[in-house]
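First the structure, in the form of structure tokens, and then the observations on it.
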Amino acid sequence: VTSVSAPRDIDVVGAGILGLWQALTLARAGHRVRLIEASPEPFSHAQSRFAGAMLAPWCEAEAAEPIVRDAGIVMLDTWKATCPGIVEAGTLVVAQARDVGELRRFARLAPGHAEVEAARIDALEPDLAGRFRTGLFYEREAHMRTPAALAALLDAVRAAGAEVRLGETWAKAGKADFTIDCRGLAARAELPTLRGVRGERLLVRARDVALGRPVRLLHPRFPLYVVPWGEGLHLIGATVIESDDPSPMTVRSALELLGMAYALSPGFGEAEIVELSAGVRPAFPDNVPRVVARGRIIHVNGAHRHGFLLAPALARIVADLVAHGRCDWTLASGLMMSEQPA
Ligand SMILES: Cc1cc2nc3c(=O)[nH]c(=O)nc-3n(C[C@H](O)[C@H](O)[C@H](O)COP(=O)(O)OP(=O)(O)OC[C@H]3O[C@@H](n4cnc5c(N)ncnc54)[C@H](O)[C@@H]3O)c2cc1C
């Protein structure tokens, strides 16, 4: 990010993953930043706390626009340089023998992998030994333990000199030179094409399985990912439902996710269920996160499944807009929306 000659007063509203990266990047660029968050407890109202938090630009290409992969690949290094807890162990994608067509389809849509046979799968994930004959390994992908990453970013925001105001509900732009609106779904009145995409996930503590990296089990109807958080904790997710209903996980979804986890490894049968939860992803129609610049108010929203991956990219764009009134990064145009009807 270009350093600035003229420090500005900037309000960043919302301390989810997008607001944290905005506040951090702008404070490090020398601006006077206030991060304003409605919840008194950090992250208690943020959809970000539910995320799998995988940095998986190649795998996400299966269903996302090319800009998500291209900008996401660039952001891997930014994350590694910023957040100490990033685990660089890649992603393993497998399918049961009857779903091998799914694996071929995924390989075609999401290049950037090595094809791996049983011996390599067993070496990568000893607790899956003997269960899968073929898979895809995306070596450069990374992941993190979501709560720890959010807490580390908040610490970094404070260390960079930003003022963090918790328990303060922002209502309208005040005297600040710029207001960066990162309220997620709460900004729907200003961003009418924003919609909610419900996601449910579980946290389990397993004694008999310890994965070394995120593992995706493909299935035509119930695709699954499992992200290891260490100490036996595994995040099992996630449903993708066109709904902005935030109510608790349904029995159907729990059965589907747990059934698939058990199919991945029967070792999950003895795991303790630590948490079942549901969140709602803010998304624009094409599911690409975007910066929407309207003079002194800049909206950053639509994170969908890519909030963690692309938050630093959106922050880089905003920092350039604040400093120069434009962003010359070649990938920026794909992550900006020129205007929406108010
Ligand atoms: C099950 C599930 C799995 C997911 N997995 C992934 C994943 O693996 N990778 C990924 O990148 N994304 C994932 N996501 C999506 C991701 O969690 C969201 O897209 C992202 O967290 C949205 O971030 P945000 O910062 O825009 O919003 P939020 O995290 O919701 O933050 C918005 C904040 O603004 C605050 N706020 C709202 N109104 C006001 C106001 N008036 N004044 C002050 N503060 C206000 C809220 O309290 C909140 O803290 C997943 C989501 C779900 C539900």
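The values are calculated or read from the model by the stated rules, or taken from the named source; none is laboratory data. Because the structure is predicted, anything quoted here is derived from the model rather than measured. Backbone-built Cβ (ideal geometry, glycine too); neighbour counts: all protein chains shown.
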Sort through Val292, Val300, Val288 and tell me the only one that's surrounded by 24 or more Cβ atoms within 10 Å (Cβ to Cβ), within 16 Å of the ligand (Cβ to nearest atom), within 20 Å of the chain's Cα centre (by Cα) and modelled with pLDDT of 95 or more. Val300
Looking at (1) surrounded by 21 or more Cβ atoms within 10 Å (Cβ to Cβ); (2) near the ligand (Cβ under 10 Å from one of its atoms); (3) part of a helix (DSSP H, G or I), which is the one condition that is false for Leu185? (1)
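When you scan the stretch 153-193, how many residues do you find that are of a type in the set (Ser, Thr, Tyr) and closer than 27 Å to Thr82 by Cβ?
Restricting attention to the stretch 153-193, the residues satisfying the condition of being of a type in the set (Ser, Thr, Tyr) are 169, 179, 193.
This time we only want the ones that are closer than 27 Å to Thr82 by Cβ, so: 179.
Counting residues in the stretch 153-193 that are of a type in the set (Ser, Thr, Tyr) and closer than 27 Å to Thr82 by Cβ gives 1.
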Condition (residue is at positive phi and at pLDDT 95 or above) applied to the stretch 268-284: is it met by at least one residue? no
Scan the stretch 258-279 for residues that are within 14 Å of the ligand (Cβ to nearest atom) and in contact with a Leu (Cβ under 6 Å, 6 or more places away or on another chain) and report the count. 2
When only residues in the stretch 309-334 that are over 19 Å from Val33 (Cβ atoms) and buried (at least 24 other Cβ atoms within 10 Å of the Cβ) count, which is nearest to the ligand (Cβ to nearest atom)? Leu309
Looking only at the stretch 69-90, decide whether some residue is buried (at least 20 other Cβ atoms within 10 Å of the Cβ), within 14 Å of the ligand (Cβ to nearest atom) and of a type in the set (A, V, I, L, M). yes
